[in-house]
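Below is one structure, written out as structure tokens; the observations come after it.
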Amino acid sequence: LRKLDRFMERRRALAARYVSALKGIPGVRPVLPAGGDLSAWHLFPVLVDGDRDGVFNRLREAGVGVQVHYIPVHTQPYYARTMAFAAQYKIAEDRGVPIVQAPPGSDIYLVGLTFQWYPILQLERGKEYMLHLSSLDVNHGFSLFPVNVNFQIIPGYDYALRVTPTASGDFRIICNEFCGIGHHTMVGRVIVVD
Ligand code: CUA
């Protein structure tokens with residue numbers, strides 16, 4: 001913490017340098033904090049029109065680390081599959097989140113997004129399912145309580161696991177990877193019935 005102010009000053013100076021260097025370049029817009037807000041400049045986000053991959057390749061060749069961040073949720077195929085799955089097999093709702101029960105043997109979908117696990121899965125004890133896990137935004141940590149099953153959930157991947165619940169009950173999914181301001185509220189549910 002003693003170094004924090006110095007680090008922040010340095011980041012702000014670098015961000016100011018990027019902003020002035022990018023000024024007037026057509027199709028390139030830095031995403032700047034609103035009003036007089038301060039940014040920690042954890043990232044320096046830039047919107048690029050046109051040939052994004054070309055820009056990426058040239059930056060990478062120059063040794064600059066770049067990544068696509070925050071792909072709009074509705075354009076992601078995993079989101080579409082999860083929404084279709086939830087709509088097809090919804091049996092009830094808990095505070096706006098569908099409780100979804102699909103037939104044993106089927107593919108079931110769970111998605112992590114800031115700051116929830118969607119949907120609530122209801123499974124039958126002793127039956128096998130193909131569980132798919134993914135994130136729509138940042139890294140999340142899937143931790144099933146109290147069974148201590150843990151996975152890193154990284155955007156862009158579709159993790160598929162064969163699962164057979166061996167105990168009935170109402171289980172909680174906790175996010176155990178810091179993912180932002182609402183991380184501590186990111187609690188999901190898996191219900192296992194006999
Ligand atoms: Cu999701 Cu922490």
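The values are calculated or read from the model by the stated rules, or taken from the named source; none is laboratory data. Here the structure is a predicted model, which is why all the values come from computation and not from measurement. Neighbour counts run over all protein chains shown; Cβ positions are idealised from the backbone, glycine included. Note: accessible area is taken over every heavy atom of the protein model, side chains too, but ligands, DNA and RNA are not part of it. Shrake-Rupley method; radii C 1.70, N 1.55, O 1.52, S 1.80 Å.
Laid out as a table, the results:
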{"item": "Hits in region 137-156 (condition: surrounded by 12 or more Cβ atoms within 10 Å (Cβ to Cβ) and under 16 Å from residue 113 (Cα atoms))", "result": "137, 138, 139, 140, 141, 142, 143, 151, 152, 153, 154, 155"}
{"item": "Search result, residues across region 44-67 that are loosely packed, with under 11 Cβ neighbours inside 10 Å and either closer than 15 Å to residue 138 by Cα or out of contact with any Leu (no Cβ under 9 Å at 6 or more places or on another chain) (or both)", "result": "47, 49, 50, 53, 54, 61, 62, 63, 64, 67"}
{"item": "Within region 119-150, tally of residues that are within 12 Å of the ligand (Cβ to nearest atom) and either assigned to a strand (DSSP E or B) or closer than 13 Å to residue 173 by Cβ (or both)", "result": "5"}
{"item": "Residues of region 94-118 classified as at pLDDT 95 or above, more than 16 Å from the ligand (Cβ to nearest atom) and not hydrophobic (A, V, I, L, M, F, W, C), total", "result": "8"}
{"item": "Residue pairs meeting the criteria (Cβ under 6 Å; at least 6 apart or on separate chains; first within 15 Å of residue 71 (Cβ to Cβ), in region 135-155; second of a type in the set (Val, Ile, Thr) and open to solvent by 40 Å² or more (accessible area, probe 1.4 Å))", "result": "136/73; 137/114; 139/154"}
